[in-house]
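Reviewing the structure listed below.
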Amino acid sequence: MVRVARVLPGSIAEELGIVQGTELRTVNGRELKDFLDWEFLTADEELVIEASLPDGEDVEYEIERPEGEAMGVELEPPTVRRCANRCEFCFIEGLPKGLRKPLYIRDDDYRLSFAYGNFATLSNVKEHDVARIIEYRLSPLYVSVHATPWEARKKLLNNPRVPNIVAQLTALAEGGIQFHCQMVIVPGLNDGDVLEASLGDLWSLGEAVISVALVPVGVTQFSHLYTGKPMDADNAARILARVEAWEDRALAERGDRWVYGSDELYLLAGRDLPTAQHYGDFAQIENGVGAVASLRERVTNGLGRLARLDGRRIGVVTGTSMAALMPPLLDQLTAATGAHFEVIVAENSLFGPTTTTAGLLVGADIQRALTGRHDLDMALIPAESINEGGVFLDDSSFIAVREELPMPVFPSYDFIDVLELEGEPAGSSAQSTTA
Ligand code: SF4
């Protein structure tokens, strides 16, 4: 059964009399277990839907749905499948206590992998799930592989019952499913022969594996499970050398790079980051693969849209890892606008100084960085640090933080998104748009 959260005005569902709270039980005789069933089973044009209205009345709808017309219901969010692993490097295990509850949910859900690109280990996927993934063609999936040798994977996931990932991927691949894979590299566990064997196994799956991202382990001061070493520059360089060897092979045999090191690996190794062309369609950008190249490209492409802002003083708050990359970008912005940009490096007070990512800065960090800065006309902060509800990870609201600060503050993904609005006629400025 799935429950209706909202019925869209003028939709088929409204015409039928479906209302918020209606329980949708079957479609064409097949039981509805979640949003995927609803999505796929209602793809037919002739539908018989069994439902129960909120007052308890059972109803049956017979519908001929015009091709392409949506039913017009939004469902209540699904119960997320929880993770059965206990990885030492788990980001959630590295969260400090006292944050809001949803942040501690360790999801491992192939449905969210398909729908939203969340990585899943497939550890809790059973045979009937495999059949369902194939029937509904849930492809591509985003899979946390970490290692393919079974014993190494059990150790990495801290779960002796984890299934054999090669067997799982093979079964899914035979059903036409493709994957974007990630490996979190933990020094001593999967950075040497295990990494080579894993890349070999994934390569053997052919076109089914679209891309593989290698991401260095990241630990916070709260990562109480982690017993390994942090990733260092030499190790990062060795991993990148392996990436490049596989890239060469993939380019020669497949025409694309196939395997990518995350931006953080390049930064740790002290290497220049590749340009945007390196990353093709940026399939793993959410995983920190090509994020800097994409930012650089967006800035370069957006300069022509900026108006002159001569003499304006603009603070750019960022984490320590991005700070070193900022000056060339800000020089471009200065040349295009005449504004003076200042990089303001904020240390992460919630996770500790080892967490240097700008997107993990919290409200208190922003406040500390900008309090008393009456000399600034405007400040830009990382938009990634705020969720859809306008709240930082430390539960402070963006609006509350902004109100305490002496200058207009704007969340920004790439500077251009805010600055291009600054040049527009009065009344449509960035300030009024985002306030
Ligand atoms: S698979 Fe590992 S890293 Fe992912 S949520 Fe589970 S324990 Fe955490």
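The values are calculated or read from the model by the stated rules, or taken from the named source; none is laboratory data. It should be emphasised that the depicted structure is a prediction, and the values quoted were computed from it without experimental measurement. Heads up, the Cβs are rebuilt from the backbone with ideal geometry, glycines too, and the neighbour counts pull from every protein chain shown. Keep in mind that these areas ignore ligands, DNA and RNA; they rest on the heavy atoms of the full protein, side chains included. Shrake-Rupley method; radii C 1.70, N 1.55, O 1.52, S 1.80 Å.
Between the listed residues Leu157, Gln20, His224, the Cα displaced farthest toward the positive end of the dipole of the chain, a dipole computed from Cβ unit charges relative to the Cα centre, is found at His224. Shape class for region 264-332, computed from the alpha carbon gyration tensor (a ≥ b ≥ c): oblate, with a/c not under 1.5 and a/b at or below b/c. Fully extending the segment from Leu53 to Arg305, taken as 0.36 nm per residue of separation minus the present Cα-Cα distance, adds 85.5 nm. Using a probe of 1.4 Å on the protein chains alone, the accessible area found for Glu57 is around 100 Å².
Using a probe of 1.4 angstrom and keeping all protein chains present, the accessible surface of the chain works out to 47 square angstrom per residue.
Relative to the Cα centre, the charge distribution of region 157-301, modelled as +1 at Lys and Arg Cβ and -1 at Asp and Glu Cβ, gives a dipole magnitude of about 280 debye.
Based on Cα contacts under 8 Å between residues 6+ apart, the chain shows a relative contact order of 9 percent.
Remark: the chain carries a charge dipole of roughly 1760 debye about the Cα centre, counting +1 on each Lys and Arg Cβ and -1 on each Asp and Glu Cβ. Per-residue Karplus couplings for region 349-355, computed as 6.51 cos²θ - 1.76 cosθ + 1.60 with θ equal to phi - 60°, are listed in order as 7, 8, 9, x, x, 6, 9 Hz, Gly and Pro entered as x. A straight line joining the Cα centroids of region 333-396 and region 172-186 runs 35 Å.
The Cβ shell under 14 Å around Arg254 holds other residues with a net charge of -3, Lys and Arg each +1, Asp and Glu each -1. The charge dipole of region 44-170, taken about its Cα centre with unit charges on the Cβ atoms of Lys, Arg (+1), Asp and Glu (-1) only, comes to about 1780 debye. Comparing His128, Thr371, Leu268 along the charge dipole axis of the chain, the residue lying farthest to the positive side is Leu268, per the Cβ-charge model.
The alpha carbon centroids of region 238-260 and region 118-154 are separated by 24 Å. Where both bridge residues fall in the chain, DSSP classifies roughly 40% of the beta bridges as antiparallel. Would region 145-246 count as rounded, prolate or oblate if I go by the C-alpha gyration tensor, calling it rounded below 1.5 in a/c and otherwise prolate when a/b exceeds b/c, oblate otherwise? Cα axes put region 145-246 in the oblate bin. With a ≥ b ≥ c taken as the square roots of the eigenvalues of the C-alpha gyration tensor of the chain, please select rounded if a/c is under 1.5 and otherwise prolate if a/b is larger than b/c or oblate if it is not? Oblate, since a/c reaches 1.5 and b/c is not below a/b.
By a 1.4 Å probe calculation restricted to protein chains, Trp150 has an accessible surface near 110 Å², given to the nearest 10. Screening the chain for DSSP H helices whose Cα atoms reach 24 Å or more along their own axis and whose mean Kyte hydropathy is at least -0.5 gives 233-253.
Here the gap between Arg65 and Arg368, fully extended at 0.36 nm per residue and compared with their Cα-Cα distance, gives a gain of 103.5 nm.
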